[in-house]
Amino acid sequence: MKATLIFDSVNNLLFSKWDDSFLQRMKSLNEQSSDGNITDSYNVAQLLSPIITSQRIMAAQFGNTYSSMQCKDDTVIVFDEFLDHVFMIITKDDIDDAQRELLDCKTLVQHICGQNIDLLHSPVYQGWLSVLLESRTKGDSIPGASGVIGESGATASALNALKSISKEIKCASYQHYHLILFVGDKMLALYSSRGSEDLMPPDLILLSFQCIAAQEHWRNANRSDTNTASNSWLPWLSEENSAIVNLCAGGAVVPCAPHSLHIAEVAPRIVFLVLVDMEMRDIGIAAHMSSQILSNLERLLLQRNLEMLPNTLDNLEAAVKKTTDALRKNKSNGNLCARLTSRMLELRKSCTTTTPLTPETTATAMRTALDALLDHLKPDIPSLKMDQPLKDLTNTLAPYIEFLRVKAMRYFSMGSSETDASSLTLHKYLSEFPGLVHFVYVDRTTGRFLAPDMADCAHMLNPHTVRAIVSRALSSFREGYGGAAWRRGALHACALQWWERRGVPVRPARPPHPAAARALPPPGDLRAAFYRQLVDLAFPTDSQGVSIKELICIHLGLVPAATAVQQARRLAHSVHELAGYKPTLAADLL
């Protein structure tokens, strides 16, 4: 049973995605309806309204928010609130998995809607969010990390091709853009124009979801209609398969930098993306900060917490000033700047002196002014002429198409009878680590992972088992453990986590207390909130250059636990050398 729900500020159901078992459960609770028809969103909202109201009252009036609850039948309900909207997941999964999925849902909403969550009133945005949520569990990626294809010939040719066609793509007055090639859900090549802001790890994972959704749609369209041409229209994008998306920006890694996304199919499972920076990053960051502080101020007014009010007003005024400065620098609407400034003056006056207007009224007026600013953060999509660049790209990659199709399905083998370079390089894993079935190596700072092809152990493992073992490892890390070992049926699993500074293992200056680690968000979400906060806890004074690495090994159950742990430590050093110190050898493994 699973349902993903988003409620607006007045508890109306804004977005819903549920399965049949959830509907059956709701029908059993809907005693007032004689026909048991619960498919109507209004009825579902009415049944869940008491829970939502309770959560809002506890958070807003008492400051005692709770993030989850567990029912007697093992049903788990998790909450999160963002800009007066409540995000909820109802499921029977593990609570950490549910909270991780809820955080990812919130990030996906910000990715496609920015801070204007009311865009989900549109069926187009509802369908867009739905396909991205489905794509989250498809492909080879593990929670919070994605793969990269690195093969010297194909990668170099792809990069040269992107550089060549960049001269043909005209981005109107916008000077900063990124050209990316994805194979499956793994990135092949990235070319950025001079002066462009670097894409962050969450951005690449979010874009991989877009690619998975597009590939699924094109594959289904081709099956249903053999005459369907490639690059057919994606229903959740414009007719040119383009849209405005928000990429991460700022220290909080929040999706609030508007970019124009253009997506096209080069060949089956090979996708070409163009990202045009709309040059509104500063406005997005400042608007996000202003909205968050205003939400805190509105909560303080509900709680009548007058002690915190002066500092919050000062912070809001500083954020609004940054917003207006960014608007003026962007040569945007001058009336909007004046409106924000005047609303801020009214808000401060009503909160500090006696005026006919109440603080709640002026806070609502400020919220309306910020909503107008959020509309400004949804610019028009620039039109790109993609036909000729796409033809040139297809011709350049023609010799590598078949190779890349195979690479989309296989990273590398554990050492079979094949004679390709990856098998020869990794043959030692079968000879030097007897009993090793599968492993996953993750660099949490870059959001990249390395894992053998699942086909090598298909008779012993399936993707569900691997996901369950990875989830168990993440739960152990959240408990504050640096290593864990356990048995799962006929398998033995071992997980390790360690710190590095610029490639050299390092000990934390202050090892995080287990209670502090448990208080953090669940590890493995798109924005890596757990790992960023964990680094700050472990290195409070100097976290520059510190990264977190993880290794999860799966052995046959006949291997003694001590041997499995010893092999895991040796494997950590071996994979670390391939992934970090010998990039020419590791390139074909990724």
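The values are calculated or read from the model by the stated rules, or taken from the named source; none is laboratory data. Everything numeric in this text was worked out from a predicted model, so none of it was measured. Quick reminder, even Gly has a Cβ in these numbers, built from the backbone with ideal geometry, and neighbours come from all protein chains shown. Each accessible area value is taken on the protein alone, full model and side chains, heavy atoms only, with ligands, DNA and RNA left out. Shrake-Rupley method; radii C 1.70, N 1.55, O 1.52, S 1.80 Å.
Sort 521-531, 5-15, 72-82, 440-450 by packing, meaning the average of other beta carbons within 10 Å per residue, with the highest value first.
521-531, 440-450, 5-15, 72-82
List every residue whose amide H lies under 5 Å from the amide H of V546, counting only residues 5 or more places away in sequence or on a different chain, with H placed 1.01 Å from N in the peptide plane.
The list, which skips near neighbours in sequence, is empty: none.
Compute the length gained on full extension between T368 and R507: take 0.36 nm times their separation in residues and subtract their Cα-Cα distance, giving the result in nm to one decimal.
That pair, T368 and R507, stretches by 45.1 nm at full extension.
Taking θ = phi - 60°, what integer Hz values does the Karplus form 6.51 cos²θ - 1.76 cosθ + 1.60 yield along region 386-392, in sequence order, with x for Gly and Pro?
Ordered by residue, 3J(HN,Hα) equals 9, 4, 5, x, 5, 5, 4 Hz.
Enumerate the calculated ³J(HN,Hα) couplings along region 515-531 in order (Karplus 6.51 cos²θ - 1.76 cosθ + 1.60, θ = phi - 60°), each rounded to whole Hz, writing x wherever the residue is Gly or Pro.
Along region 515-531, the couplings run 5, 5, 5, 5, 7, 7, x, x, x, x, 7, 4, 8, 6, 4, 4, 6 Hz.
For M460 and S196 in the same chain, what is the full-extension length gain: residue separation times 0.36 nm, less their Cα-Cα distance, in nm?
Roughly 90.5 nm would be gained on extension.
Going by average Cβ neighbours within 10 Å, how do the peptides 462-470, 177-185 rank, with the highest at the top?
Highest to lowest by the protection proxy: 177-185, 462-470.
Just to check I understand the Karplus step: with θ = phi - 60° and J = 6.51 cos²θ - 1.76 cosθ + 1.60, what whole-Hz values come out for region 45-55, glycine and proline as x?
Ordered by residue, 3J(HN,Hα) equals 4, 5, 5, 8, 4, x, 5, 5, 4, 4, 4 Hz.
Of the listed pairs K106/K321; K92/K549; K321/K349; K322/K349; K163/K391, which have alpha-carbon separations greater than 24 Å here?
K106/K321; K92/K549
Can you give the Rg to Rh ratio of region 266-411, both from alpha-carbon atoms, with Rh computed by the Kirkwood formula?
1.27
What does the charge count near P310 come to, summing +1 for each Lys or Arg and -1 for each Asp or Glu among other residues with Cβ under 15 Å from its Cβ?
Result for the neighbourhood of P310: 0.
Please give the net charge around S21, taking every other residue with its beta carbon less than 11 angstrom from that of S21, where Lys and Arg add +1 and Asp and Glu add -1.
+2
Hey, which lysines would be in cross-link range of K186, C-alpha to C-alpha under 16 Å, not counting anything within fewer than 8 residues on its own chain?
The reachable lysines, counting only those whose Cα sits under 16 Å from K186, are K138, K407.
What value in Å³ per residue do you get for the convex hull of the alpha-carbon atoms in region 457-570?
Output value, Cα hull per residue: 119 Å³.
Taking the mean number of other Cβ atoms within 10 Å as a proxy for protection, how do you rank 267-278, 348-359 from highest to lowest?
Those peptides, ordered most packed to least, come out 267-278, 348-359.
Given a 1.4 angstrom probe, what's the average accessible area per residue across region 178-295, in square angstrom?
Accessible area per residue, region 178-295: 32 Å².
Can you give the Kirkwood hydrodynamic radius for the chain, in Å, rounded to one decimal and based on Cα pairs?
Computed over the chain, the radius equals 26.0 Å.
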